[in-house]
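The values are calculated or read from the model by the stated rules, or taken from the named source; none is laboratory data. Small disclaimer: the values here were computed from a predicted structure and weren't measured. Cβ: placed from backbone, ideal geometry, glycine included. Neighbour counts: every protein chain shown. Quick note on the areas: whole protein, heavy atoms, side chains included, nothing else; ligands and nucleic acids left out. Shrake-Rupley method; radii C 1.70, N 1.55, O 1.52, S 1.80 Å.
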Amino acid sequence: MTLWQQLTTIGAVVAGTALTRFLPFLCFPAKRRVPDYVRYLGRVLPAAVFGLLVVYCFREVSLFEGSHAIPELIAVLVVVLLHRWKRQMLLSIAGGTLCYMALVQLVF
C-alpha cells in the first residue's frame, strides 16, 4: 500500500470507530427516554448473536467424517462448564478455544 492508502485506511478506521462509539449518545441523549424498540433489541440481540456464532462455528462439522465432531463437542462442554462455574464470558471463550486447539493439534 502506498502512504496515501495507509493514511486513508487508518483515517477510515478511526472515523468508523468514533462514529459507532459516539452515535448512540447523540441519538439517545441521557435526558430522553430510549425507545421501547431499542430496549427490546438490547435484550434480545446478545442471545441472537451468540446463537448465530454457535451455528457459524458448527456449520461444517460432520458427525460422519474425520474426528466425528468429538473435539468440538468436548470444547463446547468445557465452555459450558467454565461458564457455569465462573460466570466469566472471556474465560469461557478462551478456555473452550484453548481446549479445542489443543485437542485438534495434539489428539485428533
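Summing +1 for each Lys or Arg and -1 for each Asp or Glu among the other residues whose beta-carbon sits under 13 angstrom from that of Phe108 gives -2. For the chain, the membrane-span-like helices by this rule, meaning whole DSSP H stretches whose C-alpha atoms cover at least 30 Å of axis and whose Kyte-Doolittle mean is 0.0 or above, are 3-27, 36-57; this says nothing about an actual membrane. Placing unit charges on the Cβ atoms of the charged side chains and taking the dipole of segment 33-107 about its Cα centre, the candidate lying farthest along the positive direction among Val107, Val34, Phe58 is Val34.
What the chain shows is 86 Å² of accessible area per residue, with the surface traced by a 1.4 Å probe over protein heavy atoms. Near Phe28: Cβ cut-off under 15 Å, other residues only, Lys/Arg at +1 and Asp/Glu at -1. The net charge is +4. Note: relative contact order over the chain, using C-alpha pairs below 8 Å and six or more positions apart, is 16 percent.
Assuming charge only on the beta carbon of Lys and Arg (+1) and of Asp and Glu (-1), the dipole of the chain about its Cα centre is about 820 debye to the nearest 20. What a 1.4 Å probe finds exposed on the chain is 72% carbon and sulfur by accessible area, rounded to a whole percent.
I need the calculated FRET efficiency for the pair Trp85 and Ala15, taking r as the beta carbon distance and R₀ as 41 Å, to the nearest 0.05. If you can, show how the numbers build up before the last one.
Values: r = 41 Å, r/R0 = 1.01.
My answer for the efficiency is 0.50.
Diffusion coefficient of the chain by Stokes-Einstein, Kirkwood radius over Cα pairs, 10 °C, 1.306 mPa s: 89 µm²/s.
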